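Participant: My questions will all concern the structure given below.
Since every read-out is calculated from the coordinates, none of them should be taken as a lab result. Predicted model, so just to flag it, every value in this text is computed and none were measured. Cβ sites come from the backbone with ideal geometry, for glycine too, and all protein chains shown count toward neighbours.
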Amino acid sequence: MIDLSGITFSYPGGDFRLSVPDLTLADGERVAVVGPSGTGKTTLLNLIAGIAVPQAGRITIDGKEITGLSDSARRTFRANNIGFIFQDFALLDYLTARENILYPYRITAGAPLDAEARARAEQLAKACGLEGKLGRRPGALSQGEQQRVALCRALVRQPKLILADEATGNLDPDNKVAILDLLFSRTREAGAALLAVTHDHDLLPRFDRVIDFADFRVATEAGA
Ligand SMILES: Nc1ncnc2c1ncn2[C@@H]1O[C@H](COP(=O)(O)OP(=O)(O)OP(=O)(O)O)[C@@H](O)[C@H]1O
């Protein structure tokens, strides 16, 4: 599903330099990413999503090399193939929760916003305990509710790859388990791969594999 080789990245004008060991994620594989704050976990997800562009190396997703695509081609590829749960949710304030969940249908022509899509959005929202809240804007939702809206938005188009940045970070323990169950069951049903950044070590046994960014840090310093 994902192949990374020879990836190096630094932010313009910054002194942070990430050198990612070659990495492969199989179809349907569920991998956790852990490590100290500031070591580049979010940056890795942004690179895989094509939001950040590496200075060197190749990223291939589902057989398509995304490095080398134009900005707009990367955006379209992301919308059609990747569900991204951002650490800060990245919901649009002027849209209702329902419109935010359905937003991935608005940004590309890749899939029709039809009755089936709407029904899936309602069903996901219900599974996340958001029924009755779908007409509200993000400002009138709690942090945990906003996080669940972000989860529904990432899943609604049933992408083959889910990138999750602290997807359970703002949830109470019961909700955390419920949302993780949902994330795992939906990815399993869709045969989707999951790459999830988490600081919650209790969740790690549920993943197939754990990538520890403490090791990446070593690579960063050795390569710098
Ligand atoms: N837009 C940016 N411009 C310059 N530097 C940045 C930018 N975004 C992040 N950084 C720096 O890159 C490094 C890695 O950041 P990143 O957010 O990937 O870390 P992280 O491991 O996800 O951290 P956390 O666990 O705290 O979320 C940090 O030193 C950060 O300050």
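Participant: I'd like to check something: does the stretch 25-32 contain any residue that is touching a residue at least 24 places away in the same chain (Cβ under 8 Å), closer than 19 Å to ALA214 by Cα and not aliphatic (A, V, I, L, M)?
Facilitator: Looking through the stretch 25-32, none of the residues is touching a residue at least 24 places away in the same chain (Cβ under 8 Å), closer than 19 Å to ALA214 by Cα and not aliphatic (A, V, I, L, M).
Participant: If you scan the stretch 15-33, which residues turn out to be more than 13 Å from the ligand (Cβ to nearest atom) and part of a loop (DSSP other than H, G, I, E, B)?
Facilitator: PRO21, ASP22, ALA26, ASP27, GLY28, GLU29
Participant: Taking the stretch 68-94, which residues are surrounded by 19 or more Cβ atoms within 10 Å (Cβ to Cβ) and outside any helix (DSSP H, G or I)?
Facilitator: Scanning the stretch 68-94 gives ILE82, GLY83, PHE84, ILE85, PHE86, PHE89, LEU91.
Participant: Next question, about the same structure. Within the bounds of the stretch 40-53, is there any residue that is under 25 Å from CYS152 (Cα atoms), surrounded by fewer than 21 Cβ atoms within 10 Å (Cβ to Cβ) and charged (D, E, K, R)?
Facilitator: no
Participant: Taking ASN170 and the conditions (1) within 30 Å of SER37 (Cα to Cα); (2) touching an Asp or Glu at 6+ places or on another chain (Cβ under 7 Å); (3) of a type outside the set (Ser, Thr, Tyr), which numbered condition does it fall short on, given that it satisfies the others?
Facilitator: The number of the failed condition is (2).
Participant: Please verify whether the stretch 105-116 includes one or more residues that are closer than 24 Å to LEU45 by Cβ, among the hydroxyl-bearing types (Ser, Thr, Tyr) and not in a loop (DSSP other than H, G, I, E, B). Break it down stepwise before answering.
Facilitator: Step one: filter the stretch 105-116 for residues closer than 24 Å to LEU45 by Cβ, giving 105-108, 110-111.
In the following step, the residues that additionally are among the hydroxyl-bearing types (Ser, Thr, Tyr) were identified as 105, 108.
Checking which are not in a loop (DSSP other than H, G, I, E, B) leaves us with 105.
Yes, the conditions are met somewhere in the stretch 105-116.
Participant: Go through the stretch 147-184 and give me each residue that's surrounded by 21 or more Cβ atoms within 10 Å (Cβ to Cβ), of a type outside the set (A, V, I, L, M, F, W, C) and outside any loop (DSSP other than H, G, I, E, B).
Facilitator: GLN147, ARG148, ARG153, ASP165
Participant: Where residues in the stretch 64-93 are within 15 Å of the ligand (Cβ to nearest atom) and among the aliphatic types (A, V, I, L, M), which of them is farthest from PHE213 (Cα to Cα)? Lay out the reasoning, then the answer.
Facilitator: Pass one, the stretch 64-93, residues within 15 Å of the ligand (Cβ to nearest atom): 84-90.
Checking the rest, the ones that are also among the aliphatic types (A, V, I, L, M) come to 85, 90.
On the way: ILE85: 19, ALA90: 24 Å.
Among those residues, the one meeting the criterion is ALA90.
Participant: Check the stretch 96-113 and report whether any residue there is surrounded by 14 or more Cβ atoms within 10 Å (Cβ to Cβ) and within 16 Å of the ligand (Cβ to nearest atom).
Facilitator: no
Participant: Report the residue count in the stretch 34-63 for those that are in a loop (DSSP other than H, G, I, E, B) and within 12 Å of the ligand (Cβ to nearest atom). Talk me through it step by step, then tell me what you get.
Facilitator: Of the residues in the stretch 34-63, the ones in a loop (DSSP other than H, G, I, E, B) are 35-40, 50-55, 62-63.
Retained after the next criterion (residues that are within 12 Å of the ligand (Cβ to nearest atom)): 35-40, 51-52.
So the answer is 8.
Participant: Six or more apart or on different chains, Cβ atoms under 8 Å: show the pairs whose first residue is in the stretch 170-182 and within 20 Å of GLN123 (Cα to Cα) and whose second is assigned to a loop (DSSP other than H, G, I, E, B) and of a type in the set (S, T, N, Q).
Facilitator: Every condition considered, the pairs that remain are ASN175/THR168; LYS176/THR168; ILE179/THR168; LEU180/THR168.
Participant: Can you confirm whether THR24 is of a type in the set (Ser, Thr, Tyr) and either out of contact with any strand residue (DSSP E or B) (no Cβ under 6 Å at 6 or more places or on another chain) or under 22 Å from PRO12 (Cα atoms) (or both)? Full working, then the answer.
Facilitator: Numbers: of a type in the set (Ser, Thr, Tyr): yes; either out of contact with any strand residue (DSSP E or B) (no Cβ under 6 Å at 6 or more places or on another chain) or under 22 Å from PRO12 (Cα atoms) (or both): no.
Answer is no for this residue.
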